[in-house]
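We did not get these values from a lab; they are worked out from the coordinates using the rules stated. Because the structure is predicted, anything quoted here is derived from the model rather than measured. FYI the Cβ positions are ideal-geometry reconstructions off the backbone, even for glycines, and counts take in every protein chain you see.
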Amino acid sequence: MHALLFFFIFLRMFIFIFQTQREPPVVPLRINYSNMDDLKRDAQKMPQSWSMAQPTETSLHLGLYEEKGCKMNISINAEDFDNLYAEVKVFSLPVPHLRTNLQEKRVHKLSEELQGMFICAGILDEDLQPYAELPDGSSFYKHVSYTIEEGKAFHRSTIRSAACLLLQTTDTLCTKCQSVRSLLEKKKIAQENRVASTSLYDPLKGFTVDNMKSVLKRERQEKKMKEKELEKFRSEMKKSNIEVDRELNDSP
Ligand SMILES: [Zn+2]
């Protein structure tokens with residue numbers, strides 16, 4: 001009888017342990033899009049300043065246009081809906097940190113968020129531009145962008161970190177470009193120090209006022225001696241009836 005009771009208790013414990021170790025039920029994955037029509041329909045909900053290029057069967061391109069031209073764009077390759085990503089570009093440069101899985105974030109939400117972001121201006125400081133003429137390999141580059149204002153094309157040159165964030169939530173220089181600016185400032189200071197140390201070899205470096213006075217005194221004495229010699233030469237020429245042109249020969 002006791003053995004039967006122990007068997008039931010053991011069986012209950014086994015069932016309890018088995019139940020607690022079971023995997024949690026699988027939650028069905030919620031996806032935003034399963035076909036191109038869903039995607040196109042959602043893209044139509046983007047803010048007015050965005051526009052959509054003619055979509056193909058497998059791709060969609062959206063652009064945010066301002067007076068000065070295209071500010072940014074979103075490219076979607078829709079060949080595989082299990083792997084549906086939006087690639088964001090600014091000045092035709094990809095913005096890797098904003099690559100977005102569209103099965104997790106809807107395309108019109110992404111366009112709204114991007115519209116509120118700011119473009120990193122890059123390093124525009126005039127005094128630092130010469131120190132970026134020779135790129136140091138891969139940490140920064142000179143970026144030239146073109147805009148159209150009142151029907152005229154303009155270009156703007158700036159220095160960017162190779163890892164520039166390009167788009168961010170604050171209207172400041174991005175952290176990557178800030179590092180490059182510090183690097184260029186150090187280059188500038190090093191160059192200025194080099195110029196200062198070169199001036200140590202200036203011919204007048206180390207001359208005191210007394211030195212200068214003695215040099216001038218010596219030069220005056222030499223000039224007087226030359227004048228005396230010239231005067232002596234003139235008198236000799238005079239004795240020989242030869243006139244010496246004062247203007248041409250009275251030089252030291
Ligand atoms: Zn930047």
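Details
- A simple rule links phi to the HN-Hα coupling: the Karplus curve 6.51 cos²θ - 1.76 cosθ + 1.60 with θ = phi - 60°, which for the stretch 77-86 gives 9, 9, 6, 10, 6, 7, 9, 9, 10, 9 Hz, with x for Gly and Pro.
- Residues whose placed amide H lies under 5 Å from that of Y65, excluding near-sequence neighbours: S51, K71
- Ratio of Rg to Rh over the stretch 119-200 (Cα coordinates, Kirkwood Rh, two decimals): 1.07
- Proximal lysines relative to K224, as straight alpha-carbon distance under 19 Å, when same-chain residues fewer than 8 apart are discounted: K213, K232
- Annotation: the residues V107, V144, sorted from fewest to most other C-beta atoms within 10 Å of their own C-beta, follow the order V144, V107.
- Take every pair of alpha-carbon atoms less than 8 Å apart whose residues are at least six positions apart; their mean separation over the length of the stretch 119-200 yields a relative contact order of 35 percent.
- Among the listed pairs K71/K187; K109/K152; K71/K186; K89/K176; K45/K105; K71/K152, those beyond 22 Å (Cα-Cα): K71/K187; K109/K152; K71/K186
- 5 angstrom amide H check on Y85, placed H, neighbours 5+ away: N77, L102
- Spin-label zone in the stretch 42-66 - amide nitrogen under 16 Å from a point set 7 Å from the Cα of K109 along the C-beta vector: 42-47
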